[in-house]
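The values are calculated or read from the model by the stated rules, or taken from the named source; none is laboratory data. Everything quoted here is computed from the prediction, not taken from an experiment. Note that each Cβ is placed from the backbone with ideal geometry, even for glycine, and that neighbours are counted across all protein chains shown. When the accessible area is computed, the model is the full protein with side chains, heavy atoms only, and any ligands, DNA or RNA have been set aside. Shrake-Rupley method; radii C 1.70, N 1.55, O 1.52, S 1.80 Å.
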Amino acid sequence: MKRSDREKELSRRMITRRALGLGALQLAVTGTLLWRLRDMQLEQADAFRLLAEENRINLRLLPPTRGLIHDRNGVLLAGNEQNYRVVMTRDDAGDIDLVLARLSRLIALDDAAIARAREDMLRNRPFVPVTVAERLSWEEISRVATNAPALPGVTPEMGLSRLYPLKADFAHVVGYVGPVSERDLQREETPDPVLMIPRFQIGKSGVEREAESLLRGKAGSQRVEVNSVGRVMRELDRVEGEPGENLHLTIDARLQNYALERLAGQSAAAVVIDIPTGDVLAAASAPSYDANLFVRGISSKDYNGLLENDYRPLVNKCVQGMYPPGSTFKMVTALAALEAAETDGLERVFCPGHMDVSGNRFHCWKRSGHGRVDLETALAESCDVYFYEMSQRCGIDRINAMSERLGLGIRYDLPMTSVASGLNPSREWKKRARDADWRIGDTVNVSIGQGYVLTTPLQLAVMTARLASNRAVLPRLLRDPLERAVPQATSLDLRPEWLAMIRRGMSNVVNDRRGTAYSSRVVDPTMVMAGKTGTSQVFRITQAERDSGIRRQEDLPWNRRNHALFVNYAPLDNPQVAVAVIVEHGGGGSSAAAPIGRDILLAALNEGRPPLAAYPTSQRNRISAEQDLLEERLRDLGSYRVSRA
Amino acid sequence: MSYLEYNTSRMPKGLAKVLHLNWALVVLLIAVACYGFVMLYSVAGGSAQPWMEPQLQRFVAGLGVMFLVAMVPIWFWRSVAGLGYALSTVLLLGVEFFGAVGMGAQRWLEIGPLRLQPSELAKITTIMALAAFYDWADIKKISRPVFVLVAAVIVLFPVFLVVRQPDLGTSLLIAAAGGAVIFAAGVHWGYFAGVIGSVAGLVVAVFTSRGTDWQLLQDYQYRRIDAFLDPTLDPLGAGYHINQAMIALGSGGWSGRGFMEGTQSRLNFLPEKHTDFIFTTLAEEFGFIGAGSLLVLYVMIIGFCLLTVLRSSNRFAALLTVGVTANFFLYFAVNTAMVMGLAPVVGVPLPLISYGGSAMMVLMVGFGLLQSAHIHRPRLPT
């Protein structure tokens, strides 16, 4: 519309006034903004700078390389292998199902693995990295790396994971490692920060667990610059950690392998001790299992299979298994009686096949009786009545003391899981544990290794080594590969003439035609051995069973049969190696355990393989066939041998 | 004052118009845009792609558009103001019914290969429509309720449509710029006092009613308002971003951490670092010198624009210029206040610097109109 000049002037002045007002307001606002900028950038700059640094710099622990475990000859028993794995963080992934689906197209991932990863991620806090797949090939890991943009929250990682190249041979001795659990953390007073590293693995059993502090090493640290989603952009600096210590076991892997294969198919254990040093050369517990299964995460099916197996493969029978020693205990009773001067050993005791003690009849294993027997004969033929008599003369207190002196009832401090102390019964023990007085019948039972007495195969091997050397041999499992000589064990101070009698008796067990293990003799004069059989009763054959015709062990169900034991050492004149063997429910010591004890002892004396020439001529054909069968299963350790440190 | 009153004979004609452009303003715009190019190069990790080069092309195109708009006489723009307003309203309605959904909101309209953001267009057409309305209306009658109601409808209709997209930031900007034009036109200040007073009263009522029997909003709505006003209540959502932005800005210090040395942007702690939060990167890498000088440049642009207003005796041109200036001011004031933690997080880009096409183009059209007003201002007969 047409406006008058006055109106124009009015409009102009109004707009000017108001525009200037708006301009002033705008200037004031901008001034405020500038003031705020100045306040943040000049007054509070340091505080914000600090926050920015905290944002970008992340301190990470570098897991130390776990120490290696070698056998006495440098064979690798526990090593570390490169392991490519894929970890995923829920927070960064966003849609985890989508990302997992994409991932499954790049690497082999079955539905169970996807479900497990999913569950892990949802259970943990959102920023905790969860391992989705492990042990990937280089091709697979590169495929993941190339497709990183399509896989938010997924990081390919390289780490070391534990590997047991000899698989089942060392499952019980070396044990295995596994992820840190809440209980592991509680066990340590001030948990090593390295335990907080996701997926860090610590020893769960065996040497891996008992020597954890040596094997673990010290964590290094690394300062890295991370972006907003925690992805590492670059390393700022790094302090290298210390790798764990490498350990050398006293075990001879070749012998261990032989012993396990020799025991195969039975529920059995064998311990071999080097007499001069106490080195445990082999500790075989059959059946065994592949420890690598536990490192990789054992399936519940496999685990239940191990748990429900009647032969208890998860138990290290060498140190955890406690058995009545049976007749292998008779040396203890004999020495107790000799030391008490209750007999000179030459005295003969009449064995009518049984003995009545305070109204109870105790049988000799030979119902028809042994006639008149001296100490050596009693040992060689394992006459029970002789020891019933001797134990009553010297009493339980002396037997208990001698038993301890020979190494029974003691918990040896070896880096193995659940090393048992066995049971060396005494009056005080019975009062305390059973709230009952010791009876003479208890002594009589103990005299032949029955009743309350319980020993482990390790203890029996130690006992044998002590009898053979008259020294307080202590078993050991770790050795310093640089050591020159091991200090000799202290003397047991048993009179040589007593020990000579015991040794002759033990020699006669295998070398005398009437000995209980004559068929397991060694003919090679440089390896002649001495031993003692044992057959320990687990259940009595009841009268009802006897009436229904069961007289022999083979007629009983497996788990009610007697345990078969055998202890031996060789060479006779210069004892080097002591062996203890137990075959659970094996029947008789002379038939089930002694042949095994002989084979293992000969293997120990001959670098892990018994020489055919050591066997009696009449047995060689059979032994040769057995050896050929066994040889096929034995491991060739040539490829595992590592130069000595 | 219709264009018939213009003393057209004294106006520059043809290419001579170029000489009469406000060149100082052009230089200032280029200077500000250069800040943007540098920062877009930096946030891309030292690369012209993917942001700097397209932005450069758009800015050059934008300058061209500005010149074209400036060449066209201001009275032509006045005559198409109503048409432009109608067109932008139709497009906004189009978004309402056919719009593409992006970032959880309907903002774009896809017409063939073209992607339009009608809310940006509405900013300029609303201002033009208001300026034309007040140019047409009797100055003595503009404070009458009916006239005020018409002006309010002109502003609030597009505001309502943009809110529904939902794009709260843009709608507030349209409302505020419209308010500035209405204020400059000379409407009685009582209306503004009334609006401000009733808004304040409503806010007070909403908050005081909380927890009482006559509570005006649902609990979850209150919680949303809380999170909107104080992002630190949501430390992993919006609060995380604003916190990271403040860290970046504050850690810049006096002279910054250096070109391409900003850790916050380099390591992706900043959200939207090439668009809404680009100011934080500038402040982090060039410090108070960089960020402060940009604010000074903005103030200088505002100053030159206001000068144009004061020199224009043409009512339409003057009001249009006030609107364009207010729009520009609101952009950078809201954006910087937001990243400095002084205002809630609303999606408002930093003018001429943030990566984005629609906003840049609309700004350049606005400056073109301003230049047109400048070139075609009435010359007093000597």
- line: With 0.36 nm assigned to each residue of separation and the Cα-Cα distance removed, A:Glu81 to A:Leu20 gains 14.2 nm
- request: Estimate the FRET efficiency between B:Arg379 and B:Met300 by the formula 1/(1 + (r/R0)^6), using the beta-carbon distance for r and 25 Å for R0, to the nearest 0.05.
  value: 0.45
- prompt: Any idea what angle helix A:594-605 forms with the longest principal axis of chain A, computed on alpha-carbon atoms, 0 to 90 degrees, nearest 10?
  reply: 60 degrees
field: Solvent-accessible area, 1.4 Å probe, carbon plus sulfur percent, for the protein assembly as shown
entry: 57 percent
statement: Test assert for the range B:317-360: residues whose accessible surface shrinks by at least 30 Å² between chain alone and all chains, 1.4 Å probe, equal B:Phe329, B:Met340, B:Leu342
message: Counting only helical runs of four or more DSSP H residues, what would the 222 nm mean residue ellipticity of chain A come to if each run contributes -39,500 (n - 2.57) and the total is spread over all its residues?
response: -11000 deg cm²/dmol
task: Compute the FRET efficiency between A:Asp97 and A:Gln186 as 1/(1 + (r/R0)^6), taking r as their Cβ-Cβ distance and R0 = 35 Å, and round to the nearest 0.05.
output: 0.50
message: Just to be sure I understand the interface: list residues from the range B:241-257 that lose 20 Å² or more of accessible area between the chain on its own and the complete protein assembly, 1.4 Å probe.
response: B:Met246, B:Ile247, B:Leu249, B:Gly250, B:Ser251, B:Gly253, B:Trp254, B:Arg257
- prompt: What is the distance, in nm, between label points placed 7 Å from the Cα along the Cα-to-Cβ direction at B:Gln215 and at B:Leu202?
  reply: 2.1 nm
Between helix A:496-511 and chain A: long-axis angle, C-alpha atoms, 0 to 90°, nearest 10: 90 degrees
message: Taking R0 as 25 Å, what FRET efficiency do you get between A:Arg348 and A:Arg540 from their Cβ-Cβ distance, rounded to the nearest 0.05?
response: 0.25
query: trypsin sites (Lys or Arg not before Pro), restricted to the range A:371-413: which are DSSP loop and have at most 14 other Cβ atoms within 10 Å?
result: A:Arg411
query: Along the charge dipole of the protein assembly as shown, Cβ charges K/R +1 and D/E -1, which of A:Ile582, A:Ser327, B:Gln215 sits furthest on the positive end?
result: B:Gln215
- prompt: With helices defined as uninterrupted DSSP H runs, which ones in chain B have an alpha carbon span along their own long axis of at least 24 Å and mean Kyte-Doolittle hydropathy of at least -0.5?
  reply: B:23-43, B:52-71, B:81-98, B:118-136, B:145-163, B:168-185, B:189-208, B:278-311, B:315-339, B:358-375
message: To the nearest 20 Debye, how big is the dipole of the protein assembly as shown about its Cα centre, given +1 on the beta carbon of each Lys and Arg and -1 on that of each Asp and Glu?
response: 3060 debye
task: Using only Cα atoms, find the angle between the long axis of helix A:330-339 and the longest principal axis of chain A, and express it within 0 to 90 degrees, rounded to the nearest 10.
output: 70 degrees
- request: Give me the accessible area per residue for chain A, probe 1.4 Å, as a whole number in Å².
  value: 46 Å²
field: Size of the A/B contact, given as accessible area buried on both chains, probe 1.4 Å, in Å²
entry: 4400 Å²
- prompt: Given springs between every Cα pair under 10 Å in a Gaussian network model of chain B, which of B:Asn268, B:Asn327, B:Asn314 has the largest fluctuation?
  reply: B:Asn268
- line: Per the charge dipole of the protein assembly as shown (beta-carbon charges, Lys/Arg positive, Asp/Glu negative, Cα centre), the residue among B:Phe304, B:Phe97, A:Ser447 reaching farthest to the positive end is B:Phe304
- prompt: Within straight cross-link reach of B:Lys123, meaning Cα distance under 14 Å, which aspartates and glutamates are found once same-chain residues fewer than 8 apart are removed?
  reply: B:Asp167
task: Taking the dipole about the Cα centre of the protein assembly as shown, with the C-beta of Lys and Arg at +1 and of Asp and Glu at -1, give me whichever of A:Thr343, A:Val509, B:Gln244 is farthest to the positive side.
output: B:Gln244
- prompt: In nanometres, what is the gap between the two model label sites at B:Trp23 and A:Tyr303, each 7 Å from Cα along Cα-to-Cβ?
  reply: 8.4 nm
message: Residue by residue through B:305-315, how many Cβ atoms from other chains fall within 10 Å of the Cβ on average?
response: 4
message: Given Cβ point charges of +1 (Lys, Arg) and -1 (Asp, Glu) and nothing else, what value in debye, to the nearest 20, does the dipole of the range B:3-375 about its Cα centre take?
response: 1020 debye
task: Express in Å², to the nearest 10, the accessible area of B:Leu172 obtained by rolling a 1.4 Å probe over the protein heavy atoms while all chains stay in place.
output: 100 Å²
query: Which entries in the list A:Lys218/A:Lys317; A:Lys330/A:Lys430; A:Lys167/A:Lys317 go over 29 Å, if you measure between the two C-alpha atoms of each?
result: A:Lys218/A:Lys317
- prompt: Which of the peptides A:451-457, A:43-49 is most tightly packed, and how do the rest follow, judged by the mean count of other Cβ atoms within 10 Å per residue?
  reply: A:451-457, A:43-49
- request: Return the lysines within reach of A:Lys8: Cα separation strictly under 16 angstrom, same-chain partners fewer than 8 residues apart disregarded; answer none if there are no such residues.
  value: B:Lys140, B:Lys141
message: Sort B:345-357, A:238-250 by the packing proxy (mean of other Cβ within 10 Å over each peptide's residues), most packed first.
response: B:345-357, A:238-250
query: Between the range A:251-326 and the range A:20-46, what is the C-alpha centre distance in whole Å?
result: 79 Å
task: Please label the shape of chain B as rounded, prolate or oblate, based on the square roots a ≥ b ≥ c of the eigenvalues of the alpha-carbon gyration tensor (a/c under 1.5 means rounded; beyond that, a/b larger than b/c means prolate, else oblate).
output: oblate
message: Could you work out [θ]222 nm for chain B from helices alone, using -39500 (n - 2.57) per DSSP H run of at least four and dividing by all its residues? Round to the nearest 500 deg cm²/dmol.
response: -22000 deg cm²/dmol
message: I'd like to check one number: the per residue accessible area of chain B, probe 1.4 Å, reported in Å² as a whole number.
response: 42 Å²
query: Taking chain B as a Gaussian network, where each spring joins two C-alpha atoms under 10 Å apart, which residue of B:Leu363, B:Leu267, B:Leu282 fluctuates the most?
result: B:Leu267
